[in-house]
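Undergrad: Below is one structure. I have some questions about it.
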Amino acid sequence: MGQKIVMFIFILLLLPLYTVQVADVSASPFLQISISDDEGTIEQVSKNENWKALNDFQPVTDKPVWLKVEVTNNTSRDPYLYLNASPAFFEVYQNQRLIYTYGDLEPDPRIKNYRRWDLLPIDATETVYIRLQGHLPETLTVGPKHQFLEQMIYDDLFRMIGNLGLVLMAVFSFVFYLFNRTQPLLLIFAGFALSLAGGGLLRVESKPFFFEEPLVFIYLNAFVSAVGPVLFILFFSRLFHERYKTLASWTWKFYGGFCISVILILTIWPQLFMVGVVGLNVVLMATMLAVSSLMVLSYVKTKKKELLFSILGVVGFMTIYLLGGIFKLAAIGLEVGLVANYVLVSACLSIIISHYVALHRRVQQYSEELEMKVQERTTELKETHQQFVKSIQENAAAMVEIAALEERNRITQEIHDHVGHTLTATVLQIEASKRLLDKNLDAAKEKMDTAQDLVRKGLDEIRGSVRMLKANEWSFDLKTSLLELIEETCKYTEVQIDAELADIPNLTQQQKSTMYLSLKEGLTNGIKHGHCEKFQVQLSVEKDQISFLLKNDGRPLDSQHFGFGLSAMNERIQQLNGTLEVYQEDGWGCVLDISLPTK
């Protein structure tokens, strides 16, 4: 199947070569035209009787010939002679005077077959003689100037509108590419459509109104002929099977390089123009055949509908050119080239639309999948949120319980620190009273009174602790309070305390309370558990550190296992970034060493 399609495309490529014919001269009914190949001046030729019918000569002549144009039955007030396409060299005479000339007898080969027209004012009552060399004009007619210009503009209007449509397609495609630069197909199509439009606009009849230099149009046409097929291959090769993409790449590079080489050669050696044109046409047909073959082979392997659109576009393009050449459709006003270009562009647009439809479907599919994932994720987040809220509620309840326990511990520690010392002294007074009951009743009574005072003092301290917990603040002088505590302890417990207290800088309430309660706890533990009789207290300040030492002569304390009071003391000291050490020393059974930063 693929081989048959390739053969069909090959036949379509070759058939236009057999349908090319040189157009006969079309003359106005107001003109009588005869031809002579005799040499001579205008005076000699005007007297010549050897004029022949125009159809007796070939349309192209290599030597100068004369045309005799006689105007009959013309009613134009301002008659003009219209020639299209004009020869590469011609001279116009009337009344044996030269009224117009164009070109050289040996013209530049590059512009020898350049298609142009001329519009010349003449005297309708006098015979016009034209000396020319090259191809005979396809059209010779006479009439008012505005008639020719209006007809020319009318004929070009359809071409211009059609090609401007291609320009608009190129502009829109380029704009879409700017918004979506991941689709180079849009940029390639923009360039391809623009090259087709440029080739069509170069064929309009009214181009001499804008620029009359033939070489400019020749090179512009050569540029379009080189760029258009390259962009054509680049566009359709993106649809090829991976196996054929490399061949397609080499094909457009070869064709582009060949076109550049031919243009450079013709610039240096213009006499090779016809060879270069034939070579370009042969290479172009070979390139189109190769690309069409790769297109068919890719379709056979991939079955992509975009490739089917490509094949139909190429076949339609060549078929329209073929039918235009066979039936001479241009003669009836049908712009064959423009129609063929639109067929090819329609195939490209079908591919782009198909590509975007597929892309839209993929995007829609991705969107649906993403929406499902979002819903799943939302559900997971809701579940996680509910679990988090539940966890927060559980943690909040736990924090409340922890806060309550911490507050209880704090109250317990405060009461223990403040009242424990007083109760220890009370117990000692009661024990002493019991021992004196049988020996000295008055002394025993005095001890009981002292114990009673200590109990009252303990109640006051409990009330003070509660008030302190509510206010969370102590306002006292630390050194004075320490001395009062030492004095009361010596008074009620009958122990000896030596104190060396340095001047203390300004401390926070927490630091003050920690130092005060540490001394009270140390004295209580020494009396109650160590059964000591002597204490030594040292408080000093060195740089940014407060050093507190409390020594007693009682039993040693286990530094690895603190009781409730010492554990609470250690926690308070650590909260202030301080340290607590318990050890023994010569002459002392237990030493409490506390160090606190002043800042």
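The values are calculated or read from the model by the stated rules, or taken from the named source; none is laboratory data. Every value quoted in this text rests on a predicted model; they were computed, and no experiment measured them. FYI the Cβ positions are ideal-geometry reconstructions off the backbone, even for glycines, and counts take in every protein chain you see. Quick note on the areas: whole protein, heavy atoms, side chains included, nothing else; ligands and nucleic acids left out. Shrake-Rupley method; radii C 1.70, N 1.55, O 1.52, S 1.80 Å.
Undergrad: Of the residues that sit in the stretch 117-134 and are within 18 Å of residue 61 (Cα to Cα) and in contact with a Lys or Arg (Cβ under 9 Å, 6 or more places away or on another chain), which one is modelled with the lowest pLDDT? Break it down stepwise before answering.
TA: Narrowing the stretch 117-134 to residues within 18 Å of residue 61 (Cα to Cα): 129-134.
From the residues that got through so far, the ones that are in contact with a Lys or Arg (Cβ under 9 Å, 6 or more places away or on another chain) too are 129-130, 133-134.
Values: 129: 93, 130: 93, 133: 89, 134: 85.
Filtering the stretch 117-134 for residues that are within 18 Å of residue 61 (Cα to Cα) and in contact with a Lys or Arg (Cβ under 9 Å, 6 or more places away or on another chain), the one modelled with the lowest pLDDT comes out as 134.
Undergrad: Are any residues in the stretch 525-543 surrounded by 22 or more Cβ atoms within 10 Å (Cβ to Cβ) and part of a helix (DSSP H, G or I), and if so, which ones?
TA: Of everything in the stretch 525-543, those that are surrounded by 22 or more Cβ atoms within 10 Å (Cβ to Cβ) and part of a helix (DSSP H, G or I) turn out to be 525, 526, 527.
Undergrad: Applying the selection to the stretch 197-252, what residues are among the small types (Gly, Ala, Ser), part of a helix (DSSP H, G or I) and either more than 22 Å from residue 299 (Cβ to Cβ) or open to solvent by 70 Å² or more (accessible area, probe 1.4 Å) (or both)? It would help to see each step written out before you state the result.
TA: So in the stretch 197-252, the residues among the small types (Gly, Ala, Ser) come out as 197-200, 206, 222, 225-226, 228, 237, 248-249.
From what's left, part of a helix (DSSP H, G or I): 197-200, 222, 225-226, 228, 237, 248-249.
197, 198, 199, 200, 222, 225, 226, 228, listed by residue number.
Undergrad: Across the stretch 44-86, what is the total count of residues that are assigned to a strand (DSSP E or B) and closer than 22 Å to residue 104 by Cβ? Full working, then the answer.
TA: Residues of the stretch 44-86 that are assigned to a strand (DSSP E or B), as a first pass: 52-53, 60-71, 79-84.
Keeping just the survivors that are closer than 22 Å to residue 104 by Cβ gives 60-67, 81, 83-84.
Going through the stretch 44-86 one residue at a time, the tally reaches 11.
Undergrad: While we're on this one: Check whether at least one residue in the stretch 520-537 is free of Cβ contacts under 8 Å to residues at least 40 places away in the same chain and either more than 28 Å from residue 430 (Cβ to Cβ) or acidic (Asp, Glu) (or both), and report yes or no. Explain how you work it out, then say what you get.
TA: Within the stretch 520-537, the subset free of Cβ contacts under 8 Å to residues at least 40 places away in the same chain is 529, 531, 533-534.
Still in the running and either more than 28 Å from residue 430 (Cβ to Cβ) or acidic (Asp, Glu) (or both): 533.
Checked the stretch 520-537: at least one residue is free of Cβ contacts under 8 Å to residues at least 40 places away in the same chain and either more than 28 Å from residue 430 (Cβ to Cβ) or acidic (Asp, Glu) (or both).
Undergrad: With 110, 77 as the choices, which residue is in contact with a Leu (Cβ under 8 Å, 6 or more places away or on another chain) and either of a type outside the set (A, V, I, L, M) or surrounded by fewer than 16 Cβ atoms within 10 Å (Cβ to Cβ) (or both)? Outline the logic, then answer.
TA: On the way: 77 fails: in contact with a Leu (Cβ under 8 Å, 6 or more places away or on another chain).
Result of the check over 110, 77: 110.
Undergrad: Could you please give the count of residues in the stretch 305-315 that are of a type outside the set (Asp, Glu) and either open to solvent by 20 Å² or more (accessible area, probe 1.4 Å) or at pLDDT 90 or above (or both)? Walk me through how you get there before you give the answer.
TA: In the first step, residues of the stretch 305-315 are kept if they are of a type outside the set (Asp, Glu); the result is 305, 307-315.
Then keep just the ones that are either open to solvent by 20 Å² or more (accessible area, probe 1.4 Å) or at pLDDT 90 or above (or both); that gives 305, 308-309, 312, 315.
So the count comes out to 5.
Undergrad: Take residue 345 and decide whether it is in contact (Cβ under 8 Å) with a residue 60 or more places away in the chain and either on the phi < 0 side of the Ramachandran plot or not in a helix (DSSP H, G or I) (or both). Working first, answer last.
TA: Values: in contact (Cβ under 8 Å) with a residue 60 or more places away in the chain: yes; either on the phi < 0 side of the Ramachandran plot or not in a helix (DSSP H, G or I) (or both): yes.
Here the answer is yes, as residue 345 does meet what is asked.
Undergrad: Sort out which residues of the stretch 32-76 are free of Cβ contacts under 8 Å to residues at least 60 places away in the same chain and of a type in the set (Phe, Trp, Tyr), and write them in order of number.
TA: Once the filter is applied, which keeps residues that are free of Cβ contacts under 8 Å to residues at least 60 places away in the same chain and of a type in the set (Phe, Trp, Tyr), the stretch 32-76 yields only 51.
Undergrad: Another question, then. Consider only pairs whose beta carbons are under 6 Å apart and that are at least six residues apart or on different chains; among these, list those whose first residue lies in the stretch 313-334 and is aromatic (Phe, Trp, Tyr) and whose second residue is at pLDDT 70 or above and open to solvent by 40 Å² or more (accessible area, probe 1.4 Å).
TA: Here the result reads 317/343, each pair linking the stretch 313-334 to a residue that is at pLDDT 70 or above and open to solvent by 40 Å² or more (accessible area, probe 1.4 Å).
Here is a yes/no grid of residues against (1) over 25 Å from residue 478 (Cα atoms); (2) hydrophobic (A, V, I, L, M, F, W, C):
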| residue | (1), (2) |
| --- | --- |
| 529 | yes, no |
| 566 | no, yes |
| 574 | no, no |
| 578 | no, no |
| 582 | no, yes |
| 586 | yes, no |
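Undergrad: Okay, next question. Given 53, 88, which one is hydrophobic (A, V, I, L, M, F, W, C) and in contact with a Gly (Cβ under 7 Å, 6 or more places away or on another chain)? Can you show your working first?
TA: Values: 53 fails: in contact with a Gly (Cβ under 7 Å, 6 or more places away or on another chain).
Testing whether each residue is hydrophobic (A, V, I, L, M, F, W, C) and in contact with a Gly (Cβ under 7 Å, 6 or more places away or on another chain) leaves just 88.
Undergrad: May I pose another question? If we scan the stretch 16-26, do we find a residue that is of a type in the set (Ser, Thr, Tyr), at pLDDT 80 or above and either closer than 26 Å to residue 115 by Cα or open to solvent by less than 30 Å² (accessible area, probe 1.4 Å) (or both)? Reasoning before the result, please.
TA: If we filter the stretch 16-26 for residues that are of a type in the set (Ser, Thr, Tyr), which is where we start, we get 18-19, 26.
So of that shortlist, the ones also at pLDDT 80 or above come out as none.
Checked against the condition, which is being of a type in the set (Ser, Thr, Tyr), at pLDDT 80 or above and either closer than 26 Å to residue 115 by Cα or open to solvent by less than 30 Å² (accessible area, probe 1.4 Å) (or both), the stretch 16-26 yields no hits at all.
Undergrad: Here's a follow-up. For the stretch 76-94, which residues satisfy the criterion of being at pLDDT below 90, of a type in the set (S, T, N, Q) and over 60 Å from the mean Cα position of the chain (by Cα)?
TA: Of everything in the stretch 76-94, just one residue is at pLDDT below 90, of a type in the set (S, T, N, Q) and over 60 Å from the mean Cα position of the chain (by Cα), namely 76.
Undergrad: A further question follows. Kindly indicate whether any position in the stretch 501-524 is open to solvent by 40 Å² or more (accessible area, probe 1.4 Å), more than 23 Å from residue 576 (Cα to Cα) and of a type outside the set (A, V, I, L, M).
TA: The answer is no; no qualifying residue exists.
Undergrad: Check whether at least one residue in the stretch 576-599 is free of Cβ contacts under 8 Å to residues at least 24 places away in the same chain, assigned to a helix (DSSP H, G or I) and of a type outside the set (A, V, I, L, M, F, W, C), and report yes or no.
TA: No, the stretch 576-599 has no match at all.
Undergrad: Please enumerate the residues belonging to the stretch 88-107 that are small (Gly, Ala, Ser) and open to solvent by less than 30 Å² (accessible area, probe 1.4 Å).
TA: Initial filter on the stretch 88-107 (small (Gly, Ala, Ser)): 88, 103.
If the condition is that a residue be small (Gly, Ala, Ser) and open to solvent by less than 30 Å² (accessible area, probe 1.4 Å), then 88 is the only one that fits.
Undergrad: Look through the stretch 253-304, keep the residues that are aromatic (Phe, Trp, Tyr) and either surrounded by 15 or more Cβ atoms within 10 Å (Cβ to Cβ) or assigned to a helix (DSSP H, G or I) (or both), and return whichever of them is farthest from the chain's Cα centre (by Cα).
TA: Pass one, the stretch 253-304, residues aromatic (Phe, Trp, Tyr): 254-255, 258, 269, 273, 299.
Pick out the ones that are also either surrounded by 15 or more Cβ atoms within 10 Å (Cβ to Cβ) or assigned to a helix (DSSP H, G or I) (or both) and you get 254-255, 258, 273, 299.
Details: 254: 34, 255: 35, 258: 38, 273: 49, 299: 34 Å.
Going through the qualifying residues, I end up with 273.
A quick yes/no check of all residues on (1) at pLDDT below 90; (2) among the β-branched types (Val, Ile, Thr):
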position: 191; (1), (2): no, no
position: 195; (1), (2): no, no
position: 209; (1), (2): yes, no
position: 212; (1), (2): yes, no
position: 215; (1), (2): yes, no
position: 219; (1), (2): no, no
position: 224; (1), (2): no, yes
position: 229; (1), (2): no, no
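Undergrad: For the stretch 485-495, give me the residue count where each residue is farther than 19 Å from residue 448 by Cα and open to solvent by 100 Å² or more (accessible area, probe 1.4 Å).
TA: We begin by selecting, within the stretch 485-495, every residue farther than 19 Å from residue 448 by Cα; these are 485-487.
Those left that are additionally open to solvent by 100 Å² or more (accessible area, probe 1.4 Å): 487.
Matching residues across the stretch 485-495 total 1.
Undergrad: Among the residues of the stretch 87-137, count how many are in a loop (DSSP other than H, G, I, E, B), touching a residue at least 40 places away in the same chain (Cβ under 8 Å) and among the polar types (S, T, N, Q).
TA: Of the residues in that region, 3 qualify.
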